[in-house]
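**Student:** Supplied in structure tokens, the structure appears directly below.
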Amino acid sequence: MKFITSILLTALLGYAAPLYLPWWSFAITTFIVFIFLRQSPGKSFLAGFLGLFLLWGCNALWIDIANNHILSQKVAVILPLGGSSVLLIFLTACIGGLISGFSGLAAAYTRKK
Amino acid sequence: MKILPFSLAAIITVALIMVLDMPLPVKDSHTPRLGYFLSPQKGFWQNADPVDQELNETHAIKGLQGNANVYFDDRMVPHVYAENEHDAIFLQGYLHAKFRLWQMDFQSYAAGGRLSEIMGDSSNGTNFLKIDRFFRRLGMVSGAENSLASLESNPETKAYADAYTEGVNYYISNLKDKDIPFEYKLLNYKPEKWTNLKSVLFMKYMAFDLAGFEQDFEMTNAKSVFSKTEMAALYPYGQDSLDPIIPKGTKFAPAAFSMKPPAGADSVYFNYHSNLPQTDSLIKPDKSNGSNNWAVSGNKTKSGKPILCNDPHLGLNLPSLWFEMQISTPQMNAYGASFPGAPSIVIGFNDSCAWGFTNAMRDVRDYFEIKFKDSSKQEYWYDSAWQKTTFRNEVIHIKGKPDHIEKIPETIWGPVMYDQDYPDMLHTGKAYACHWQAQDGSNEIKTFRALDFSKNYDDYIEAMKGYECPGQNMIFACKRGDIALKQNGKFPAKWRGQGDFLMPGENDTYAWRGFIPDSANIVDHNPSRGFVSSANQLPYDTSYPYYLGGVYPVYRGYLINRYLGRMQQITVQDMEKLQTNNYNIFQEMARPILLKYIDQSALSEKEMKYLDIYIQWNLQNDAIEKGPTIEKLWWDSLMTTVYSDEFSRSSLPLPWPEKSTLLDGLLKDSTHYLFLDNTLTSSQETLQNDITSAFKKMIPVLEKADSENNLVWGKFKKSGIRHLLRIPVLSRLDLFSSGGETEINALKEFHGPSWRMIVELTDSTQAYGIYPGGQSGNPGSPYYDNFVNNWVQGKYYPLLFMKETAMKNRPGLKGTMIFKKA
């Protein structure tokens, strides 16, 4: 339960913070989430990763479908990812997930013991 | 707390953020800030517009003087209905910014020599600092400042430009960070505030594109290797197949100035010797920046009303140079193509008339040699005395590097464009000041605005007054029945040959003798032949008392006049066919010679196969034909065969002769043409040898194209529309398209009809148009390039020119914007 809650909170706050703060501000909210919802380092990393992976992945997927893949197919050539929208969404989700995951991990190690 | 693992995880987190928040070097360029760029809430994903998006907005704005509404039709063309001119132009600025902010900003950076600020001093093999220095030394910025003074000294145009700038800045100041255009995110910079100067800089960029062409250094090199006879044959004045804009036989008033070359010019200026040593890359406008326009009077049309047509040929880019819109106030109601970056409808029509432009092609950019006293350049020799040089220091900011200060010496002639600090292409080691008409202040926006308001012929004449540069063939037609055409602009009065070469500058002997009086810029008004037309050919025949230096294409104009002369009962459909006509008039003249002189007995079976395709070709440059590919390669090959021996005399740049020069030469002299013999061989080559060997030499290219299935013209030509940053995936390349250089449908590789417009001036105006692009400048929008396919196929859209009451209730609108004064 704690695991699921922390994923949802990570995603929720990870969405809210960048509305007002820089794009990477979710790293701070993730850190705070795992200070309060104490879990093992492994679980903290995973939950932190999944929270942002799902948030960014779903957000990008949603936008991409509404856009009929027009822009993602172009950007996936510039970056270069062989023009694949799916790969680009995956990369997007991974980048958000990784930063958030490590931030969660750092929070987990603040435990006293 | 576990210090070590905590620190490690924390450091990785921070390091990831830092690395993903900075541009990373890749080869000669940089990535965007990847974390930011990929962030779905901030980065490029926000530019991926929903395909079914509607544009509905409501604004209350302090700067507005009344209320206004904007309706977007099914092609996303905005129709602006405002209560006054200020608000209408404010909204034009707002809409240009909303749809094209990055493009208009970028173009103003390019014009002002500021690309290094965005791109760094070099990126992907392009030396941006060198390009910036070029525009600074040419005087683009000082010229724009002069024009700004001119624009702002006129209360009407000042208010007009101010309203536009306010509108752009209203958009920018309300722009959320996540919504800034895609290219800013890609290149990692931010929009800056718009100014009237930026609008004027854009106009100067058009002046450079249209009136910046010259080849004075190349020509000077040419006279050092060619004899007088050769020069006259390679670079003739006038063309045999010329059908000028103002019909031949028109009587001209004598020149207002003496047009005799200076005494001693034969030895000082028309001197065909002297050696010059190593070459360099060039920044030049495309010399075929041309266009077609024509208007037919009511007695040649089915409706009995005039029809006006225009298609400016320019470099084709995405986002497109043009933005289509309607602007309506109680005093004015205009529709047409506008320049993102400047107020007004530029090529279009209103309730009473229609107008358009083609380029005048006149040479208004010359060089004068400057003798500095010493390398400090503090003084230069003029009028038998040392004159003080003034200096203009222009600061070029460079991304990631210290500023570069360009110290430009200014002389009586203008800025010193080339000297040891910025060497010329011939590496003469000398200093040359550039004297260019666009360095002066001028107020083109005044003319565009006045045309939008014009109601009749007199208004058209009045609107053109005071227009200076770039010189244009301004065409006009109105519902009252008038048709008219005038080559309009401020043109220097030159003697024959003046400005073809670099000129001495130690006194005013070689200076322009003044300007051609406007009365000598002749208006072709309601001519008896029932039509007026221009296609960048010479405006007058060579009996015109002033020299018309420049390079002028001849064939489109010739063909248009032939068709228009024969046509009767003309309809809009006929005009669509004419504007997209692909008949190769050049080959109509050239093919008989080629076929007469080719030695068929010397051809192999394989070679005969290609010759047969050429013989059977219908002379249409259609995409599916193979003939145009053979034609183009054969003529290019023949030009090389005939001229390359003479041109090998110099390793420095020389102006390559025009296609028409060789054809006219062969039509006139055939077997005795001056350059037929290859002077590098001991044998004596004939026309038959040249034509046959030119044919054989192109066979490998044809075979290669054939084997790759690229022999048909539409594939061989490889037409495309390139993104301004030349990023292929943001461009539309390899379009299967017809037309070509000498055809009325002048679509070359990256250059062609940038806005096709046909207006029939019936009581309720019937207008049609299309441009190669789309209304949105956003590569993430379905409206980015949605006109391209129809444009390639030669189709047109009906242009909706309606009153607000009709527009408001039109089904299929893509949005409505309501603006109120706060």
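**Student:** For the peptides B:327-337, B:259-269, B:753-763, what is the packing order when you average, over each peptide's residues, the other Cβ atoms within 10 Å and list the highest mean first?
**Tutor:** Working: B:327-337: 21.5, B:259-269: 13.6, B:753-763: 23.5.
Result, highest mean first: B:753-763, B:327-337, B:259-269.
**Student:** Could you tell me which Cys residues in the protein assembly as shown have no other cysteine's Cβ under 4.7 Å from their own Cβ, answering none if every one has a partner?
**Tutor:** Cys with no partner Cβ under 4.7 Å: A:CYS58, A:CYS94, B:CYS309, B:CYS434, B:CYS469.
**Student:** Report the charge-dipole magnitude of the protein assembly as shown in Debye, nearest 20, computed about the Cα centre from +1 at each Lys and Arg Cβ and -1 at each Asp and Glu Cβ. List each step's numbers first, then the result.
**Tutor:** Working: 92 positive and 95 negative charges, 616 e Å.
Computed about the Cα centre, the dipole is about 2960 debye.
**Student:** Provide the packing ranking of B:300-307, B:513-520, B:811-818, B:695-702, i.e. peptides ordered by the mean count of other C-beta atoms within 10 Å per residue, highest first.
**Tutor:** Sorting B:300-307, B:513-520, B:811-818, B:695-702 by mean packing, highest first, produces B:300-307, B:695-702, B:513-520, B:811-818.
**Student:** What ranking of B:TYR552, B:TYR36 emerges when the number of other C-beta atoms within 10 Å of each C-beta is taken as an exposure proxy, fewest first?
**Tutor:** Lowest count first: B:TYR36, B:TYR552.
**Student:** Something else about it: Roughly how crowded by other chains is peptide A:96-109, in terms of the mean Cβ count from those chains within 10 Å of each of its Cβ atoms?
**Tutor:** If you average over the peptide's residues, the count of other-chain Cβ atoms is 6.
**Student:** Within a 10 angstrom radius of each residue's Cβ in A:61-71, how many Cβ atoms of other chains show up on average? Whole number is fine.
**Tutor:** Details: counts 2, 3, 10, 3, 3, 6, 10, 6, 2, 10, 12.
Across A:61-71, the average partner-chain Cβ count within 10 Å equals 6.
**Student:** Another question about this same structure. Dipole size in debye (nearest 20) for the range B:164-235 around its Cα centre, Lys and Arg Cβ +1, Asp and Glu Cβ -1?
**Tutor:** 260
**Student:** Related question: Students often forget the sequence filter, so: which lysines lie under 22 Å Cα-Cα from B:LYS248 once same-chain residues fewer than 8 apart are removed?
**Tutor:** List returned: B:LYS300, B:LYS486, B:LYS494, B:LYS668.
**Student:** In which sequence would A:LEU8, B:LEU426, B:LEU38 go, from the one with the fewest C-beta neighbours within 10 Å to the one with the most?
**Tutor:** Values: A:LEU8 16, B:LEU426 23, B:LEU38 26.
Lowest count first: A:LEU8, B:LEU426, B:LEU38.
**Student:** Once you sort the root eigenvalues of the Cα gyration tensor of chain B as a ≥ b ≥ c, which label holds: rounded (a/c under 1.5), prolate (a/b larger than b/c) or oblate (the other case)?
**Tutor:** rounded
**Student:** Taking beta carbons within 10 Å but only from partner chains, what does the mean come to for residues A:23-34?
**Tutor:** The shielding value for this peptide is 3.
**Student:** Also, I was wondering about something else. Take the alpha-carbon centre of the range B:480-503, take the same for the range B:667-746, and report the distance between them in whole Å.
**Tutor:** 32
**Student:** Same structure again: Which lysines, if any, have their Cα less than 21 Å from the Cα of B:LYS371, not counting same-chain residues under 8 positions apart?
**Tutor:** Qualifying lysines at Cα under 21 Å: B:LYS388, B:LYS407, B:LYS430.
**Student:** Along the charge dipole of the range B:467-581, pointing to its positive end and built from +1/-1 on Cβ of Lys, Arg, Asp and Glu, which listed residue (B:PHE501, B:TYR546, B:ASN521) has its Cα farthest out?
**Tutor:** It is B:ASN521.
**Student:** Taking θ as phi - 60°, what are the ³J(HN,Hα) couplings along the range B:725-733 by the Karplus curve (6.51, -1.76, 1.60), each to the nearest whole Hz, with x for Gly and Pro?
**Tutor:** Each residue's phi maps through the Karplus curve to give 8, 6, 7, x, 6, 8, 9, 10, 9 Hz.
**Student:** Please arrange B:SER637, B:SER338, B:SER764, B:SER670 by how many other C-beta atoms lie within 10 Å of their C-beta, fewest to most.
**Tutor:** Arranged by neighbour count, lowest to highest, B:SER637, B:SER338, B:SER764, B:SER670 become B:SER764, B:SER670, B:SER637, B:SER338.
**Student:** Placing +1 on the Cβ of each Lys and Arg and -1 on the Cβ of each Asp and Glu in the range B:1-119, which of B:SER108, B:ALA10, B:PHE44 has its Cα farthest towards the positive end of the resulting dipole?
**Tutor:** B:ALA10
**Student:** A further question on this structure: Quick one: check the C-alpha center-to-center distance for the range B:44-75 versus the range B:408-462, whole angstrom.
**Tutor:** Comparing the Cα centres of the range B:44-75 and the range B:408-462, I get a distance of 38 Å.
**Student:** About the Cα centre of chain B, how large is the charge dipole given +1 on each Lys and Arg Cβ and -1 on each Asp and Glu Cβ? Please answer in debye to the nearest 20.
**Tutor:** Value, rounded to 20: 1200 debye.
**Student:** Looking at the square roots a ≥ b ≥ c of the eigenvalues of the Cα gyration tensor of the range B:652-795, which shape do they give, rounded for a/c under 1.5, prolate if a/b is larger than b/c, or oblate?
**Tutor:** Prolate shape, in that a/c is at least 1.5 and a/b is the bigger ratio.
Read-outs: derived from the displayed coordinates by stated rules, not from any lab. Since the structure is predicted, the reported quantities are computational estimates derived from the model, not experimental observations. FYI the Cβ positions are ideal-geometry reconstructions off the backbone, even for glycines, and counts take in every protein chain you see.
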